Amino acid sequence: MSSWRCEGCTFLNPPPKNPNTINRCELCLLPSSSSSSTTTASSYAMLGRWSCKACTFSNAFHSPSCEICATPSSSLRRFGSAPDDVIDIADDLDDPSVGSVFLPLRRCRIDKRAASGDGRSAAEESAAKKLKAEALPAGNVDMNSGQSILKVLSYNVWFREDLEMHNRMRALGDLIQQHSPDIICFQEVTSNIFQIFRKSNWWKEYHCSVSDEMATQRPYFCMQLSKLPVKAFHCQPFINSIMGRELCTTNIVIGTNKKLVVATTHLESPCPAPPKWDQMYSTERVAQAKESLRLLNNFPNAIFGGDLNWDDKLDGPFPLLEGWVDAWTKLRPQENGWTYDTKANKMLSANRALQKRLDRFVCHLEDFKILDIHMIGLEAIPNVSYYKDKKGRNGVQKLELPVLPSDHFGLLLTIGSL
């Protein structure tokens, strides 16, 4: 028998050992749909738990908000106050945001006006013009001589479609127009985000690794874009991934003989949850990193960047091979490089404190040298905010928070030919 995906938390479970018994999800204990005709809402309610809409964490029935991300259980309905009361979570399991961390279950409706880039406020237009006026010089590649300054951007765009998706993607587009990267590596792109991108003004300058058809076949994915002529796009799935993660590569030839491979990925994500709280997937993540470098080590010039979900305390030092360097630690050894920072990113200030260098660029270059690396997307979007309830000692406080392009900061790498 094959693996099955839980309808409550979207976890991909291994094949059942005994088909004659009730098979429950290893994370949330919800019975599989093939094990019972009364699964999903009713079965999940009997467990006395509810699934967080934002992060899918399985919370105790008495928790008014998620124990992990503090998202309130807004659609839960309580009946009475006795200990054996039941919470009806049928509405939650039908909600399009349930399970969004692993598997965006439904598409949000796209506003055509917003998707086309219209409808900006005067302040937003002014900010966009300012970004364009302050734009750095575009990457300059002479395809004949091979003399080049090449800029590569990696950005986890955050598949949270219910949090100002259109404004966030528009702001991200402004950053692309400002910095004019030659190659872009995106992670957590959804079909709706893909459609917003392809209708943007900057889109026509790039070759894309994902077709319209491919964008509708997966809940979220990595995507590469290149201004330069591409010899080949390729994706290699990781055989140990339960989250559908893969290594994506773009092959480019600059001049007559300079071969460059730019690769991106979204390595296995840590997902601590009951009953064991040990689903950090460090072993899988380390193996995926090693496999990626082993494959890329065959090329004279390779850049590997993306949301690597790397935690040096948990995963150890990044497994660089001989001749490979971490661009950030090479050029900015005194800076922490936290691309996920709940203190610096005020949009996340109501979340539990987390500061990690999740996103990285590592390079193996024979014909190029690393010139610069820095973070982008550190500023809030003008005149855009959202509300979030934060649980504290004095009760629940409603906070108005700024909105940034993503929960991650982007990384912009610049290399030059020798």
Modelled FRET efficiency - R0 25 Å, Glu291 with Asp372, Cβ distances, 0.05 increments:
0.30
Pseudo-spin-label distance Asn298 to Glu379, built 7 Å along Cα→Cβ, given in nm, is 4.4
Does the range 264-338 come out rounded, prolate or oblate by the C-alpha gyration tensor, with a ≥ b ≥ c the root eigenvalues, rounded set by a/c under 1.5 and, if not, prolate when a/b is larger than b/c and oblate if not?
oblate
Quick one: length gained pulling Ser2 to Thr256 fully straight, 0.36 nm per residue minus the C-alpha distance?
86.6 nm
So for the range 239-323, averaging the separation of alpha carbon pairs under 8 Å that are six or more residues apart and normalising by length, what relative contact order in percent results?
30
Return, ordered by residue number, the residues of the range 248-277 whose backbone nitrogen is under 18 Å from a label point located 7 Å along Cα→Cβ of Met214.
248-253, 261-267
For the range 292-379, what % of the accessible area comes from carbon and sulfur atoms, probe 1.4 Å?
49
Which order do the peptides 340-350, 390-400, 273-283 come out in when sorted by mean C-beta neighbours inside 10 angstrom, highest first?
340-350, 273-283, 390-400
Using 0.36 nm per residue of separation minus the Cα-Cα distance, give me the extension gain between Ala344 and Lys330 in nm, one decimal.
2.8 nm
Estimated inter-spin distance, Thr283 and Gln397, nm [label 7 Å along Cα→Cβ]:
4.2
Rounded Å value of the spacing that divides the Cα centres of the range 290-327 and the range 153-197
24
What does the C-alpha gyration tensor say about the overall shape of the range 275-418? Classify as rounded when a/c is under 1.5, otherwise prolate if a/b is larger than b/c, or oblate.
oblate
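The values are calculated or read from the model by the stated rules, or taken from the named source; none is laboratory data. Remember, predicted model here, so these are calculated numbers, not experimental data. When we count neighbours, we look across all protein chains shown, and the Cβ atoms used for this are built from the backbone with ideal geometry, even at glycine. Heads up: the accessible areas ignore ligands, DNA and RNA and are worked out on the full protein's heavy atoms, side chains in. Shrake-Rupley method; radii C 1.70, N 1.55, O 1.52, S 1.80 Å.
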